[in-house]
Amino acid sequence: MLDLGPAAREMARLVRGVRDDQLAAPTPCPDYTLGDLVEHVHGLALAFTLAARKEVLPGPAQGPSGDATRLPEDWRTAIDTRLAELADAWRAPASWEGTTHIAGFESPGSDVGMTALDELVVHAWDVARASGQSLTVDDASLAAVAGFVEILSAPGMEQARGGFFGPVFPTPDDAPVLDRAVGNAGRDPHWTAGAATR
């Protein structure tokens, strides 16, 4: 069982640091502006909280998150609250046991919890890069995410990566662990807001 608290708090800090005039900025996710990415964080925080509780999102499906026009006016506070709830929900041992639902699929709770941590860490890197902030990842979260994306970047894992990751971006073996992790998640570790992305 992993503690998602440090990664959730770091994501909340980064989101609070995003300025309104940065919402249209590009991100390492080619299809997302920074506003789209922030709204994606808002949506995933709720989805993974419900998954930890073995609950299904109520009401009609809204479609995939990642649309800045759906951000609530109080998005910084709303996301902060949702991220705290996410971390708290995954502190319950039962959240990691049995199966649960996420994105319309039934999966083992342990896999969904690991995916939640991966989303927090990798998208925190995205938000930090797009908004010009620094990122701090705790050792336990970084080690878990690095191992997770390394497995998914191995040959023959293309189907398992699905549409959740871009093509692996090769990084040297002696690169920092975070650089290798984001590279395996399909990002150029040297991406900057003014650089071309693939």
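Among the listed residues Asp67, Asp111, which satisfies the condition of being acidic (Asp, Glu) and either modelled with pLDDT of 95 or more or out of contact with any Asp or Glu (no Cβ under 7 Å at 6 or more places or on another chain) (or both)?
From the options Asp67, Asp111, the qualifying one is Asp111.
Looking only at segment 33-48, which residues are touching a residue at least 60 places away in the same chain (Cβ under 8 Å) and either within 15 Å of Trp75 (Cα to Cα) or not in a helix (DSSP H, G or I) (or both)?
Of everything in segment 33-48, those that are touching a residue at least 60 places away in the same chain (Cβ under 8 Å) and either within 15 Å of Trp75 (Cα to Cα) or not in a helix (DSSP H, G or I) (or both) turn out to be Leu34, Leu37, Val38, His40, Val41, Leu44.
I'm told Leu44 meets every condition in (1) surrounded by fewer than 16 Cβ atoms within 10 Å (Cβ to Cβ); (2) touching an Asp or Glu at 6+ places or on another chain (Cβ under 7 Å); (3) of a type in the set (A, V, I, L, M) except one. Can you identify the failing condition by its number?
For Leu44, the exception is condition (1).
Does Asp139 meet the test of being modelled with pLDDT under 95 and either over 25 Å from Arg53 (Cα atoms) or touching a Cys at 6+ places or on another chain (Cβ under 6 Å) (or both)?
no
Can you run down the residue pairs with Cβ atoms below 8 Å, 6 or more apart or on separate chains, where the first is in segment 3-23 and in contact (Cβ under 8 Å) with a residue 40 or more places away in the chain and in a loop (DSSP other than H, G, I, E, B) and the partner is acidic (Asp, Glu) and surrounded by fewer than 17 Cβ atoms within 10 Å (Cβ to Cβ)?
Partner pairs satisfying both residue conditions: none exist.
The values are calculated or read from the model by the stated rules, or taken from the named source; none is laboratory data. Here the structure is a predicted model, which is why all the values come from computation and not from measurement. FYI the Cβ positions are ideal-geometry reconstructions off the backbone, even for glycines, and counts take in every protein chain you see.
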